[in-house]
Amino acid sequence: MRFIDPHLHTDMINDIILENLSMAGMEAAIVPSPHMLKGCGTSDTILRLWDRFLDFEVNSGKAMGYELFASLSIPFYGLDRKNIDACLKQLPEYLKHERVVAMGEIGLDCAIPEERELFRDHLQIAKEHNIPLIVHTPIRLAPQAPEVIKNIVEIIKEEKFPIEKVVLDHTGENTFDYRAETGAMVGLSVCHDKMPPEAAADCVINNADKRDKLIINCELAGGDMYFTVPRVALALRMKGMAHDDIERVVWDNPKNFFDLPVD
Ligand SMILES: [Zn+2]
């Protein structure tokens, strides 16, 4: 079955896994900027990363049989304010690139003041460019998750960004209903520290009326290929869902939401 992975850190995943995903039916993907840097960097670190997405990652995707698009933003941690400002100045120019389809991962994780300030900076630029957002939220078992997700939605509203252009990613079962009620897309990330594929499949099956608002992605996949979108599709098939209904979730939803030029 063909699928799109709309949140896949291709720059952090080895080629064998990427090729396996392609063979499993991945025809397109979106690589987001990470929400944090390990250690510290400068604006040059981030501009080089964005350039890497738009040249190397796009072309190596083609070499493995999938179309890659990019989502750009500045990590919450790892840059001082001077370097953040230098990136924010460059970001609008990068957003004009034909392969840039979203901004993110932006958002909050611990919700410290520096994160909040950068989140608002990103939202203001996104509003000017009317671009969809991939919003990082704390992982499902993080104790701060329920509170911080509410903070995120409040800030989006305060900045008057249209919530229907937002993916609230990394959903846990405990915050599914709240997210679904906001009008945002609900991102089910199947990744080693996030939702197992069978749990994501249950969310899809049990929420038939919200299925057009669900986005499934695998973030980092997994060394054993367990935490991937095709695992969710397989679980859905084994639980009896019709082929066309599965494809609507794993292909049509990301294609339509990010307006991807694939068919
Ligand atoms: Zn991610």
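Straight-line reach from LYS82: taking Cα to Cα under 19 Å and skipping same-chain neighbours fewer than 8 places apart, the lysines in range are LYS38. Spatially, the stretch 137-151 and the stretch 8-38 are offset by 25 Å when compared through their Cα centroids. Judged by the mean number of other Cβ atoms found within 10 Å, the most tightly packed of the peptides 146-158, 23-35 leads the ranking 23-35, 146-158.
Here the Karplus curve 6.51 cos²θ - 1.76 cosθ + 1.60, taken at θ = phi - 60°, turns the phi angles of the stretch 72-79 into couplings of 10, 5, 9, x, 5, 10, x, 10 Hz, with x standing for Gly and Pro. Under 5 Å from the amide H of PHE69 lie the amide H atoms of ALA29, ILE30, VAL31, each residue being 5 or more positions distant or on a separate chain, with H modelled from the backbone and absent for Pro and chain starts. Counting Lys and Arg as +1 and Asp and Glu as -1 over every other residue whose Cβ lies under 12 Å from the Cβ of ALA111, the net charge comes to -4.
Taking all protein chains into account, the per residue accessible area for the chain stands at 42 Å² (1.4 Å probe). At a Cα cut-off below 29 Å, give the lysines reachable from LYS213, other chains included and same-chain residues fewer than 8 away excluded. Within the straight-line limit of under 29 Å, LYS213 reaches these lysines: LYS62, LYS96, LYS127, LYS150, LYS157, LYS160, LYS165, LYS194, LYS239, LYS255. Over the chain, the hull volume per residue, using the convex hull of the C-alpha atoms, is 113 Å³. Each of the peptides 206-218, 99-111 was scored by the mean count of other Cβ atoms within 10 Å over its residues; in descending order, highest first, they stand as 99-111, 206-218.
Can you give me the % of accessible surface on the chain that is carbon or sulfur? Probe 1.4 Å, all protein chains present, nothing else counted. Reported share for carbon and sulfur atoms: 50 percent.
Could you work out the helix-only [θ] at 222 nm for the chain, with each DSSP H run of four or more residues adding -39,500 (n - 2.57) and the total divided by the number of residues, to the nearest 500 deg cm²/dmol? Using -39500 (n - 2.57) per qualifying helix, the result is -12000 deg cm²/dmol.
The values are calculated or read from the model by the stated rules, or taken from the named source; none is laboratory data. Bear in mind that the values here come from a model prediction, so they are computed numbers and not experimental data. Please note: Cβ atoms are built from the backbone with ideal geometry, for glycine as well, and neighbour counts cover all protein chains shown. Remember, those area values only see protein heavy atoms, side chains included, never the ligands or the DNA or RNA. Shrake-Rupley method; radii C 1.70, N 1.55, O 1.52, S 1.80 Å.
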